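Chemist: If you scroll down you'll find the structure; I have some questions about it.
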Amino acid sequence: GSDCRLKTGSRVLGFAASAFASSVTLPQDALFAVPKGLSLPQAAAVPVVFTTAWEALMRLARLQPAETVLIHGAAGGVGLAPPLAQKKNA
């Protein structure tokens, strides 16, 4: 619709319950812009944990450039996501 922050042709990634359907409709909050420098195949491979970390750090915590975050036990997928957020803010 006209109030959507995403436009036709936007490069996005997201998750949906019916993601393997030929088409799917979901709220714009379930979609994220593909970061610059990431190919569409790479974007399609981004695991759920990256979206979880992005949502928590960027949208909910409103992390700003030059701010730092300590992630305890960062050996898993969520621990790998903050560098992606740093690239976005660089």
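The values are calculated or read from the model by the stated rules, or taken from the named source; none is laboratory data. Since this is a predicted model, take the numbers as computed values, not measurements. As a convention, Cβ positions derive from the backbone with ideal geometry for all residues, glycine included, and neighbour counts pool all protein chains shown. Just the protein is used for accessible areas: all its heavy atoms, side chains included, with ligands, DNA and RNA removed. Shrake-Rupley method; radii C 1.70, N 1.55, O 1.52, S 1.80 Å.
Chemist: Listed highest first by mean packing, meaning other Cβ atoms within 10 Å per residue, what order do 28-35, 62-69 come in?
Modeler: Working: 28-35: 15.2, 62-69: 9.9.
Descending packing order for the listed peptides: 28-35, 62-69.
Chemist: Could you please state how large a percent of the accessible area of segment 1-73 is carbon and sulfur, counting protein chains only and using a 1.4 Å probe? Each step should come with its number before you reach the end.
Modeler: Details: 3380 of 5660 Å².
Heavy-atom surface of segment 1-73 belonging to carbon and sulfur, 1.4 Å probe: 60 percent.
Chemist: Along Cα→Cβ, 7 Å out, is where each label goes; now give me the distance between the ones at Leu40 and Arg62 in nm to one decimal.
Modeler: 3.5
Chemist: Compute the orientation-averaged projected area for segment 1-48 from the convex hull of its Cα atoms and round it to one decimal in nm².
Modeler: On the way: hull surface 15.5 nm².
Over all viewing directions, segment 1-48 projects a mean Cα-hull area of 3.9 nm².
Chemist: Accessible area, 1.4 Å probe, largest first: how do Val46, Val12 sort? Intermediate values should be presented prior to the final figure.
Modeler: On the way: Val46 25, Val12 55 Å².
Per-residue accessible area, sorted high to low, gives Val12, Val46.
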